[in-house]
1. Quick one: Asp251 ticks every box in (1) under 30 Å from Gly199 (Cα atoms); (2) surrounded by fewer than 19 Cβ atoms within 10 Å (Cβ to Cβ); (3) among the charged types (D, E, K, R) bar one, so which box is it?
2. Which condition from (1) crowded, with 18+ Cβ neighbours inside 10 Å; (2) more than 17 Å from Trp58 (Cα to Cα) is the one that Ala76 breaks?
3. Determine whether segment 125-144 contains at least one residue that is over 25 Å from Ser83 (Cα atoms), surrounded by fewer than 21 Cβ atoms within 10 Å (Cβ to Cβ), out of contact with any Leu (no Cβ under 7 Å at 6 or more places or on another chain) and among the basic types (Lys, Arg).
4. Identify all residues within segment 88-121 that are more than 28 Å from Glu42 (Cβ to Cβ) and of a type outside the set (Asp, Glu); write none if there are none.
5. Can you tell me which residue in segment 109-126 is nearest to His297 (Cα to Cα), limited to those that are of a type in the set (Gly, Ala, Ser) and either in a helix (DSSP H, G or I) or in contact with an Asp or Glu (Cβ under 7 Å, 6 or more places away or on another chain) (or both)?
6. For segment 258-293, which residues satisfy the criterion of being in a helix (DSSP H, G or I) and under 22 Å from Tyr72 (Cβ atoms)?
7. Here are the criteria: (1) part of a helix (DSSP H, G or I); (2) over 20 Å from the mean Cα position of the chain (by Cα); (3) in contact (Cβ under 8 Å) with a residue 12 or more places away in the chain. Tell me which single one Asp186 does not satisfy.
8. Mind listing whichever residues of segment 150-174 are of a type outside the set (Phe, Trp, Tyr), surrounded by fewer than 17 Cβ atoms within 10 Å (Cβ to Cβ) and not in a loop (DSSP other than H, G, I, E, B)?
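Bear in mind that the values in this text are calculations on the coordinates, not laboratory data. A quick note: this is a predicted structure, and the numbers were derived from the prediction, not measured. Every residue, glycine among them, receives a Cβ derived from its backbone with ideal geometry; neighbour counts consider all protein chains shown.
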Amino acid sequence: MPKRPPCSRLAALALTSTVVAVESLRIPVGDEAFLARAAGPEDGELVLLLHGFPQTSWSWRAQLAALGEAGYRAVAFDQRGYSPEARPADAQRYRIPHLVADVLAVADEIGGFTFHLVGHDWGAAVAWQVAGRHPDRLRTLTALSVPHPFAFGRALSGEGGSDQGSRSGYIDFFRSEGAAEAFLADDAAGLRNLYAMSGLGSSDVEPYVEVLTQPGAMQAALNWYVAADISAVEGLGPITMPTLFVWSTEDPALGREGAEWTAEHVDGPYRFEVLEGVSHWIAEEAPDRLNALLLDHLGSSP
């Protein structure tokens, strides 16, 4: 059984200035392979971190360091389309069942039948699916920004005066033919502007641009939207593991209603945290606050 320090020691470790090295990994899964960043002892409890659009595992650098220092084995991998060796051209290869299977296969490959799962944006959407379909695999769930799929659908319908429909209006463009070329034109000016308009600092952007300007990468990232299907919620079970949901008030893409309605779909212990004045990019903009929440949540699990 993987080991971790007792909770009291976790708190102490979180306050130390020890620098934990972040490793680069290549994780083979069948005919594909995922690039990853990892930190912490190999016998620590596994924490998998799933990034969103248009990002990579780089987005979790502050969390990898904090979790590694606390004795966890933290692994963030570049998901399907973002890893060069897992970048199929067929948009249907980006449907939810494939994305969920990737998470489980990566966990299996690195020796974690049960693990903690953390996701942001599209990573959160996938994390909810893993939790609702494979509850036996998760110790805890942490979702950032994106609410439970049923809560999101309810908000998208406009119930309660929700403006989620207008907030999600960009999706039609993301799904359109020629969107990738538009993002990449003029030295990826459109992609850079997307980051700037949504509040991500310029110093955080270049590692993402470097990946998404690789051949086929921008279209692969957009294929997550192309392949999105409302039927993906069919058969989704209750969320039974301890769950933390973090939403930020300055997120232009995701409104309050869906965030608040998420509680109705979690049967296990639930904690909802609102970060005032923080944009969509929670992990980068509020790393210390998020790390404290993560360590407390993971440390309280059975």
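1. (2)
2. The number of the failed condition is (2).
3. yes
4. Within segment 88-121, Pro88, Ala89, Ala91, Gln92, Arg93, Tyr94, Arg95, Ile96, Pro97 qualify.
5. Only one residue tops the list, namely Ala124.
6. Ile282, Ala283, Glu284, Pro287, Asp288, Arg289, Leu290, Asn291, Ala292, Leu293
7. (3)
8. Gly153, Glu159, Gly160, Gly161, Gly165, Ser166, Ile171, Asp172
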